[in-house]
Structure formats: structure tokens, C-alpha cells
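For reference, the structure discussed in these notes is given below.
The values are calculated or read from the model by the stated rules, or taken from the named source; none is laboratory data. No experiment lies behind these values; they were computed from the predicted model shown. Cβ: placed from backbone, ideal geometry, glycine included. Neighbour counts: every protein chain shown.
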Amino acid sequence: MAVVAIDGLGKRYPGSSEPAVEDFTLTIGDGEFMVLLGPSGCGKSSVLRMIAGLEPITTGTIAIDGRVVNQVPAKERDIAMVFQSYALYPHMDVFNNLAFGLRRRSVPAAEIDRRVRQAADKLGLTPYLRRKPHALSGGQRQRVALGRAIVREPKVFLFDEPLSNLDAALRVSTRNELIRQQHEIGITTIYVTHDQVEAMTMGHRICIMDKGEVVQIGAPLEVYRSPANTFVARFLGNPPMNLVPIELGQSSGRLGNVDIPLRSWSPRALGHARTVLLGIRPEDLYETPPRPGDDLVPIAMQVSAVEPLGAETLLVLTLDDGTTDIIARVGRDTRLRIGERATVLLDTTAVHLFDPTTTRVIPRDLP
Amino acid sequence: MWRRTPLLLFVLLYTVVSGGPFIWVAVMSVRTTPEIFASPYALPSRFHWEKFVQAWAHSNYSTYFWNSIIVVSTAVVLITIFGAMAAHCLARYRFRGNRPIRFLILSGMILPPQLLILSLFQILLDYHLYNTLTGLILVYVAGHLAMTVYILEGFFAQIPQDLFDAARMDGYGDFEIFWRITLPVGAPALFTTVTLNFIVLWNEFLYAVVLLTEDDKRTLPLGIMHFMGSHQLDVGMVATGLMIAITPVIVLYALFSDTMIRGMTAGAVR
């Protein structure tokens, strides 16, 4: 059980001109499940490896329970890590893989035996204790890697994309298993992934990173609903948020030949901007009105693709300018076909505005 | 079937060419020299096993054999330990001077042994190691370290870094990681170098003949020379001596050939 406080963390690899991580500040609460989310090369794994003690810190501090650990070697930080490759010791059977870390800590043999068997039981590994890793399936290896972390009973768990080597079905079940285990054990967890579904479903909070910096930190739905900039808006959600430039008028914006009322922004909030980026999630565009009211604006567009996914259907719609595509997520029983003209309803209460130069969100300032 | 015939013929021919002389020597080892001179390719009319006892007991062969065992096994153990340590460091750690050190070690493979023999002779004399088994062991270790480091480094570098990181997270220090991860995971490569070094050193002649002159210090390859006098050649006893000399190599190869082949072909450690 521990609080991990990261302050102004920076990492610069020798021979690289750009820092891999810059001014990274984040506090992870006791028992919290924190997800570091970002595209490949955004520095999230570097952060994790610095917390683990596998990578020296260039600037800033990392503290665990108030004790700065910058100079503390990995083996003394009492942190367990699950690697993307699982990193099971190929020459040891499952039992010894699980017991390896405990032996180093001079835990009595009887206690090692008890803890290993308990963890194996919890993870369904009991029949495989005498098998070597090469004789296990991908899912079983993953569970051994998790078990190796659990038996240590460490202060902090670190996960480095632990599900990315599993196939889709196994990934979902293992994900739920991980959530359940973390919930039961309640150990502070830092989980690195580039998969937004993992981030949304697993984390108490998400820290989104881009180019070595923190972009936004918050609860999954909070980040999803109020993205801080266009990067977060596009990165979270599948398909991503539609971003369309609009011309600003008097408390409204002009999208094609339709006026979108922008009642939640005062003229002061919009400042001198002439054009802004309008963000709308695919699920906030409707084929039929979901509720009565005057906050739905009809927009006529050309259907350029229909993607039935079973539970729902995605429509790729093209504005009359012929170049701007907008994706709408509509009901599975839509009758629209390619080439037809469709009128979809845009929920104006779900609109986001972004500054096109800074890419930051323009916050609403009116109720 | 017919498509494989050329390959089978080649393998058959290769076996005859490489195995034939061995069988010939094996047959001669139980025949006497007069018998061999009378009919070189004949099968033994009677098996003269007593020649092995004679070579072992009367021709100082036991001394040569034990000298060889002492020199070769000590040298192989030292080469393996130091070679594995050096290979582990070169493969795992990025440190200042990493590249020049690797270059220096590996450049040891380039020089032909004949080139070094005069200077080694003088060095051993200066340090009172000339004509001692210790001196020969040191020369063997120095001479074969480069190749061993080269083979092991290539293999160790393929062991995934995550394994080492995992062991560090499990609380292990650098030496323990070398001992508990690199060595066991790299075992196929270690067996390969152990077997190769053992065979090469067991047969080594040049350094041994220059650096050892006393009869009771000689190793097996020199002992076989003993039967080849300047005026007479005891072919039968040379064959018997060769069979004694080759036995440990065959035993070692039989024990480790599987692991050794795996070590030479293994790409991934998984």
C-alpha cells in the first residue's frame, strides 16, 4: 500500500536531442489503479521504468510513501512489475518462477510454499506448478507473470502493456481478471497501455501522455466527456471524435450551410477567433430524434460509406463542401445506403470547441 | 525417394571418408606392428587388448593422460568462467570503453599462434612458468578466451532484456543475475564452448611441444609422438595411443552433442 508521488520527472536518453519525458507530475493515491495512456513513443514506458528503478532519472523526483527513491536501486523499492513479454524465467518451472523473488527476500520456505500455492490457486495455475514456461499457453504465461507480482505482496504494481500479446478474446477475459484481482488486493497500480479500451475499462484514473508530456489526467468518463485538447478528443473513443472547422457568427457557428447554436459560450470566451474546431462524438449524431427538444440541429449530408458492425452501424457522411467527412454512430437498423442524402441530427449540447492554433479546448462559461 | 538419392550418396561418401580412417585406426589399435606391416588393412586375427595396458602402464601414458586432463579441464573451466563473465558484460551493459574492450578481446582471434610462440616462451621463462602445467594452462586460457567471448556474447545478447529487468525487480543484484539467469539460460551456448574448447585443447600440439620439455609434464598429443622415434615407427602402439587419447573427446561429444547443436543453431531463447 503506497502513495506514489512523481514531481517534474524528466528523461533524456544519451545521444537523443529530444527528451523522452518532460516535466511529468502525477500523484497516484493509495490503492489507486492509474493508467498511463498514449501512442507508441510518448514516454509512458520510460516513466514506468523510472518508477521501477530500471532507468536512471534525468530530472525531477519519484517518491513512494513520502520517501524519495531516485537513488534507491530497483531491488530495494519493493515494486513488482509485469512485462509485456511476461519475462518468465525459461529454465524454471512455474513454482520456481513464482518463488524466485521471495527466495531473495529470505522468506521462510514454508511461507514461500504457502504464498505460491495461494497465488497459484487464485489464478488457476495449481495444475501447472511443475511445468516450464514453454509448455504453457499465452494466457497461462500471462497469469504466471501476474502471479509472480502478486506473491511478492509489494507496495506498488507496475504493468507494461501486459495484454498486448494475447488474442482478442483472451484479452477481454484477462482484462476483467486483472480488474478483479486489483480490486481484491487493493495495491497501488500503475498500468501502461496504448489501448484506449483498456484504459477506459480498467483505470480509476487515466493519465494521457503525448510527446513525453502529460496532456490530461482524470477519471475515464470525465476525460472522455471533457477532453482537454484535440489530441485527447481524437485518441479516446473509437471511432474518434469528429473535428470540423466552423466559421463563428453571433453566438453560433456555421457548419456548411447550417447554423449551430453555441449557447454555452459567451462572446468573451470565444474572444477574437474567427474560426474554431467543432468537436462532436459519433454517438451524438442521430438519425431519429432521441428526445423532444430544440437542441438538435438537422444537417443534410451525403452518405459515402455504411459500416454495419452488428450492434450498431457507422455512417461516413460527407458535407456539401465535398471534402469534410463526419462519422455518425446510428442504430443497427438504418436503411441509409451509399450515395443517398441523409439528414442527421446534431446534439448541440454535446458539442466541444477547440482553438485551432493551440488545439486546446475552449471551455464553456455559460450554463 | 529418388530426389533424395544424391544427398544420401553424399552423406554415405562423407561418412566413409571421415569414419573410415577412424575405424582403421581402431582396428590397428588391437593389432601388433608386425601384423600391421604384413597386412595393413586386415581385420585383427586376435584382439591384442594387452596393448592398451602396455601403453598405459609401461609407456608413461597414464602420466600424459592425467597431465592432459589437468591442463585441459582447468583451462576449459577458467575459459568458461572468464569468457562467460566478459560476454555477459559486453552483451548487457553499456559502459564507457565498451567498444574498444570488445575490439581488443576479439582481436585476439586474429593472430596466428605461431606468431606468439616466441614471446610466450620468453614470458613464461621470465615468470618461471616454463615447463610447468600452470604455464601451459595460462597460455591456453589466454589463447582461447577471445573465441569463447565471441560465441557467448552473440548468444547472451539474444536473451531478452526483460528477463534481466524482471530479476532486478525480484531483488537480485548484478552477479546473482549473471549466475541465476545468464548462465542457466545460456547453458546450450556454454556447452558448445566447453565442448569445442575441450576438443581443440585436447588435441593441441604446438604450444605443448614448445612449452613442455620434461617427459613427466607432457600431454597426450606429445605422448603419441613418443612412439614415433627418429629411427623407428611403432605404428601399432601409435594407434593404441590415439584410441586412448580420443576416448574422452568421444564421450564428451556423445554426452553434449545434442545440447551443442542446439547451442549453435538456437536463435531465440524462449
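Let's see how each residue does on (1) touching a residue at least 24 places away in the same chain (Cβ under 8 Å); (2) farther than 17 Å from A:E55 by Cα:
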{"position": "B:D165", "(1), (2)": "no, no"}
{"position": "B:D170", "(1), (2)": "no, no"}
{"position": "B:D174", "(1), (2)": "no, no"}
{"position": "B:W179", "(1), (2)": "no, yes"}
{"position": "B:T182", "(1), (2)": "yes, yes"}
{"position": "B:A189", "(1), (2)": "yes, yes"}
{"position": "B:T193", "(1), (2)": "yes, yes"}
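Residues of the stretch A:148-185 being in contact with a Lys or Arg (Cβ under 7 Å, 6 or more places away or on another chain) and either touching a residue at least 40 places away in the same chain (Cβ under 8 Å) or not hydrophobic (A, V, I, L, M, F, W, C) (or both), which ones? Quick ask: steps written out before the conclusion?
Going residue by residue through the stretch A:148-185, those that are in contact with a Lys or Arg (Cβ under 7 Å, 6 or more places away or on another chain) are A:151, A:163.
Correct list: A:V151 only.
Could you please find all residues in the stretch A:197-220 being assigned to a helix (DSSP H, G or I) and buried (at least 20 other Cβ atoms within 10 Å of the Cβ)?
From the stretch A:197-220, those assigned to a helix (DSSP H, G or I) are A:197-202, A:220; that's our starting set.
Residues satisfying the conditions are A:E198, A:A199, A:M202.
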Is there any pair linking a residue in the stretch A:87-103 that is closer than 16 Å to A:L125 by Cβ to one that is among the aromatic types (F, W, Y) and in a helix (DSSP H, G or I), with Cβ under 8 Å and at least six apart or on different chains, and which? A:Y89/A:F100; A:M92/A:F100; A:V94/A:Y128
Would a scan of the stretch B:49-57 turn up a residue that is surrounded by 11 or more Cβ atoms within 10 Å (Cβ to Cβ), of a type in the set (S, T, N, Q), part of a helix (DSSP H, G or I) and in contact with a Ser or Thr (Cβ under 9 Å, 6 or more places away or on another chain)? yes
Taking the stretch A:236-252 and keeping residues in contact (Cβ under 8 Å) with a residue 40 or more places away in the chain, of a type outside the set (S, T, N, Q) and surrounded by 20 or more Cβ atoms within 10 Å (Cβ to Cβ) leaves A:L236, A:M241
Matching residues, the stretch A:348-357, being touching a residue at least 40 places away in the same chain (Cβ under 8 Å) and out of contact with any helix residue (DSSP H, G or I) (no Cβ under 6 Å at 6 or more places or on another chain): A:T348, A:T349, A:V351, A:H352, A:L353, A:D355, A:P356
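On the basis of being under 20 Å from B:L145 (Cβ atoms), out of contact with any strand residue (DSSP E or B) (no Cβ under 6 Å at 6 or more places or on another chain) and free of Cβ contacts under 8 Å to residues at least 24 places away in the same chain, does B:W202 make the cut?
Values: under 20 Å from B:L145 (Cβ atoms): yes; out of contact with any strand residue (DSSP E or B) (no Cβ under 6 Å at 6 or more places or on another chain): yes; free of Cβ contacts under 8 Å to residues at least 24 places away in the same chain: no.
So B:W202 fails the test.
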Any residue in the stretch B:53-69 that is at pLDDT 90 or above and of a type in the set (S, T, Y)? yes
Looking at the stretch A:290-306, can you tell me whether even one residue there is at pLDDT 90 or above and of a type in the set (D, E)? no
Kindly check whether there is at least one residue in the stretch B:92-104 that is out of contact with any helix residue (DSSP H, G or I) (no Cβ under 6 Å at 6 or more places or on another chain), in the same structural domain as B:L211 (by TED's automatic domain parsing), surrounded by 16 or more Cβ atoms within 10 Å (Cβ to Cβ) and of a type outside the set (S, T, N, Q). yes
Residue under question is A:R130, and the condition is that it be surrounded by fewer than 22 Cβ atoms within 10 Å (Cβ to Cβ), out of contact with any helix residue (DSSP H, G or I) (no Cβ under 6 Å at 6 or more places or on another chain) and farther than 20 Å from A:I187 by Cβ; does it hold? yes
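Of B:F95, B:F103, B:F82, which residue is of a type in the set (F, W, Y) and either within 27 Å of B:I224 (Cβ to Cβ) or in contact with a Cys (Cβ under 9 Å, 6 or more places away or on another chain) (or both)?
So the residue among B:F95, B:F103, B:F82 that is of a type in the set (F, W, Y) and either within 27 Å of B:I224 (Cβ to Cβ) or in contact with a Cys (Cβ under 9 Å, 6 or more places away or on another chain) (or both) is B:F95.
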Members of the stretch A:307-348 that are of a type in the set (D, E) and either modelled with pLDDT of 90 or more or surrounded by 11 or more Cβ atoms within 10 Å (Cβ to Cβ) (or both): A:E307, A:E312, A:D320, A:D325, A:E340, A:D347
Out of (1) more than 9 Å from every other protein chain (Cβ to nearest Cβ); (2) farther than 27 Å from B:I105 by Cβ, what's the single condition that is false for B:A166? (1)
Picked from the stretch A:304-323 (must be without any contact (Cβ under 8 Å) to a residue 60 or more places away in the chain, in a strand (DSSP E or B) and not β-branched (V, I, T)), the residue nearest to A:P245 (Cα to Cα) is A:L317
Which of the residues spanning the stretch A:43-96 are within 12 Å of chain B (Cβ to nearest Cβ) and part of a strand (DSSP E or B)? A:I79, A:A80, A:M81, A:V82
Residues of the stretch A:286-303 classified as under 16 Å from A:E340 (Cβ atoms) and part of a strand (DSSP E or B), total: 6
